[in-house]
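*Asks:* My structure is below; once you've seen it, I'll send some questions.
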Amino acid sequence: MDQSRAPVLEALVAYRERGDLSFTPPGHKQGRGVDPRVLAVLGEDLFRDDVMTMNGLDDRLQTGGVLEQAQELMAQAVRADEAFFSTCGSSLSVKSAMLSVAGPGEKLLVARNAHKSVISGLILSGVEPVWVHGEWDGELHLSYPPSPEAVEEAFRATPDAKGVLIASPTDYGSCADLAGIRRVCDRYDKPFIVDEAWGAHLPFHDGLPTWGMDVGADVCVTSVHKMGNGLEQSSVFHLQGDRVDPNVLKAREDLLGTTSPSTLVYAALDGWRRQMAENGKDLLDRALDLAGTTRSRIGRIHGLWVMDKEGSGAFDSDPLKIVIDVSGLGVDGYHATDWLRERCHVNMSLSDHRRISAEITVADDAGTTDVLLDALRALASARDLPPAAPIDVPEPGELELETVMLPRDAFFGRIEQVPIERAGGRVIAELVTPYPPGAPALCPGERITAPVLSYLTTGLKGGMDIPDASDSSLRTLRVVAE
């Protein structure tokens, strides 16, 4: 196929040139009805290009195959059999992948450090999770993706599990041994789903961690808005082999997705694929060089330490994810992030009790990284930051809670709201998720323990954000009624 083509963008140009007049949604009619004060901020072009795919870019029956061609080009570019565009983010795509492998009452091996969207999928589907725990770094207080050995042990213990879902890279850039896990799945003839939301760029450079499709994963989910040039909510899930039926996968996506997808998101996805297919190697060469230089320069700032593959226990790590330990300054990542935003107008990505992070993408250059470095130097010399709050980070194994109910049954069952002092030993009925990175500390159906409660309460006092708890103050928790 001709990777220089961009079918969605080409159809959008043709739509403009035809001068079509639509009596369909969206009701703003290419911006003609929009308040001028809105146009002054968002621009007329955004609304002009916000048209429907059906009865817009394509005809009523979509016989032009605009979207189909764009997805075929994407699949070829990343070495997949098929690709499906999603305008609802990878939160929807990963649910679609899960539901194409396991159904209500069936079991699925799931990495316990999975994103909250995975847990939401378990709640909606009634799938029974069999948690696979990653390696816990007691020194860095960090969890890495599960090893092939951990997956093998889980399949031995639960041979009726329908497949496995692993997140790699994580929000910290840590990557799993995907080839090793794939070999385990081959031995048990089980589908392998990779939540590769942070890995949309991986297929386009061999100096980056392994891309799941290249080692035979069945489904890979990517968020192009994270490390690519897509708009927010742009996601693609990729499929290969015959262990997952493409018709089932598409049916699950149709079940969960919107019937009004954004052409703007489709067009940006299409254009990003073309850009990376044509120039991705060169663009990523420059990004990797820039990231390497930036890492080295940050490492020379007093009190800062940059995580890398050699300094962690991860199988591999993405060098474009710059994770910076600020504990040497005597501060925590929460307040460091706030300080950088308020004082330097620099927004960081991840923040936890001792770390902050910045992603380097093909959009960066020496100018943007110089601003980052100046801000970090200012942070290192700041005298108005509070000292790091004492947070009771659990010891190894203390985050591995007992699951006593299906997540769906706990979430939708009879509940009561109890003071947190009385929550120990009860079964949690809601998600309680430090965000970012978005891996729940408490999942519905798990038995609450004192170490996790202490971690959450001290973390909240120290600056942790827990946006999905019903009581954001954590004075109370939703638990299963006794």
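*Asks:* Using the Cα centre as the reference, give the magnitude of the dipole from point charges on the C-beta atoms of the chain (Lys, Arg: +1; Asp, Glu: -1; all else neutral), rounded to the nearest 20 debye.
*Replies:* Values: 46 positive and 72 negative charges, 156 e Å.
Dipole of the chain, to the nearest 20 debye: 740 debye.
*Asks:* For segment 159-258, run through the trypsin sites (Lys or Arg not before Pro) and keep only the ones in DSSP coil with at most 13 other Cβ atoms within 10 Å of their Cβ.
*Replies:* Listed in order of number, the matching sites amount to none.
*Asks:* So what J values fall out for segment 102-117 if you push phi through Karplus, 6.51 cos²θ - 1.76 cosθ + 1.60 with θ = phi - 60°, rounded to Hz, Gly and Pro as x?
*Replies:* Computed from phi, the couplings for segment 102-117 are 9, x, x, x, 8, 9, 9, 6, 9, 4, 5, 8, 5, 5, 4, 5 Hz.
*Asks:* Ok, one more. Using a Förster distance of 56 angstrom, determine the FRET efficiency expected from the C-beta separation of Glu10 and Thr293, and round it to 0.05. Could you put the intermediate results ahead of the total?
*Replies:* Values: r = 38 Å, r/R0 = 0.68.
In this case the efficiency is close to 0.90.
*Asks:* Quote the charge dipole size of segment 410-453 about the Cα centre in Debye, to the nearest 20; the model charges only the Cβ of Lys and Arg (+1) and of Asp and Glu (-1).
*Replies:* That gives segment 410-453 a dipole magnitude of about 100 debye.
*Asks:* With every protein chain left in place, what is the accessible area per residue of the chain in square angstrom, probe 1.4 Å?
*Replies:* On the way: 20380 Å² over 482 residues.
Solvent-accessible surface per residue comes out at 42 Å².
*Asks:* Using θ = phi - 60° and the Karplus form 6.51 cos²θ - 1.76 cosθ + 1.60, what ³J(HN,Hα) does each residue of segment 126-143 get, whole Hz, x for Gly and Pro?
*Replies:* Per-residue couplings from phi come out as x, 5, 8, x, 10, 6, 10, 8, x, 6, 9, 8, x, 7, 8, 6, 8, 9 Hz.
*Asks:* Remind me, relative contact order of the chain in percent, using alpha carbon pairs under 8 angstrom and six or more residues apart?
*Replies:* Over the chain, the number comes to 14 percent.
*Asks:* Then there is this: Near the amide H of Val432, under 5 Å away, which other amide H atoms are found, from residues 5 or more places off or on another chain, if H is placed in the peptide plane?
*Replies:* The list, which skips near neighbours in sequence, is Ala441, Leu442.
*Asks:* Note the full-extension length gain between Glu17 and Arg383 as 0.36 nm times their separation in residues minus their Cα-Cα distance, in nm to one decimal.
*Replies:* Between Glu17 and Arg383, full extension yields 125.9 nm more.
*Asks:* Leaving ligands, DNA and RNA out of it, rank Thr293, Thr403, Thr259 by accessible area with a 1.4 Å probe, largest first.
*Replies:* Thr259, Thr293, Thr403
*Asks:* May I ask for log10 I(q)/I(0) of segment 314-428 at q = 0.10, 0.14, 0.16 Å⁻¹, from a Debye sum over the Cα atoms as equal point scatterers with solvent left out?
*Replies:* Cα-only, vacuum Debye calculation for segment 314-428: -0.50, -0.79, -0.87.
*Asks:* Turning to a different aspect of this structure: Pulled fully out, how much extra length does the chain show between Arg422 and Arg183, if you take 0.36 nm times their separation in residues and subtract their Cα-Cα distance? Each step should come with its number before you reach the end.
*Replies:* Values: separation 239, 0.36 × 239 = 86.04 nm, distance 4.52 nm.
Taking Arg422 through Arg183 to full extension adds about 81.5 nm, to one decimal.
*Asks:* So, one more: What is the percent carbon and sulfur in the accessible area of the chain, measuring with a 1.4 Å probe over the protein chains and ignoring ligands? Kindly include the intermediate steps, with their values, before the conclusion.
*Replies:* Numbers: 10060 of 20380 Å².
Carbon and sulfur: 49 percent of the exposed surface of the chain.
*Asks:* Tell me, what ³J(HN,Hα) does each residue in segment 36-42 have, in order and in whole Hz, if you take phi through Karplus 6.51 cos²θ - 1.76 cosθ + 1.60 with θ = phi - 60° and put x for Gly and Pro?
*Replies:* x, 5, 6, 4, 5, 8, 8
*Asks:* Using the Cα centre of segment 232-300 as the reference point, and only Cβ charges (+1 on K/R, -1 on D/E), how large is the resulting charge dipole? Debye, rounded to the nearest 20.
*Replies:* Dipole size: approximately 400 debye.
*Asks:* Tell me which GluC sites (Glu not before Pro) from segment 274-363 have a DSSP coil assignment and no more than 15 other beta carbons within 10 Å of their own.
*Replies:* Passing sites in segment 274-363 are Glu310.
*Asks:* In addition: Would you work out which of Ala11, Ser91, Gly33 lies farthest towards the positive end of the dipole of segment 10-128? Charges go on Cβ: Lys and Arg +1, Asp and Glu -1.
*Replies:* Checked the options; the winner is Ser91.
*Asks:* Using only protein heavy atoms and a 1.4 Å probe, report how much of Thr87 is accessible, in Å² to the nearest 10.
*Replies:* Number for this one is 10 Å².
The values are calculated or read from the model by the stated rules, or taken from the named source; none is laboratory data. Just so it is clear, the model here is predicted, and its values are computed rather than measured. We place every Cβ from the backbone using ideal geometry, glycine too, and count neighbours over all the protein chains shown. Each accessible area value is taken on the protein alone, full model and side chains, heavy atoms only, with ligands, DNA and RNA left out. Shrake-Rupley method; radii C 1.70, N 1.55, O 1.52, S 1.80 Å.
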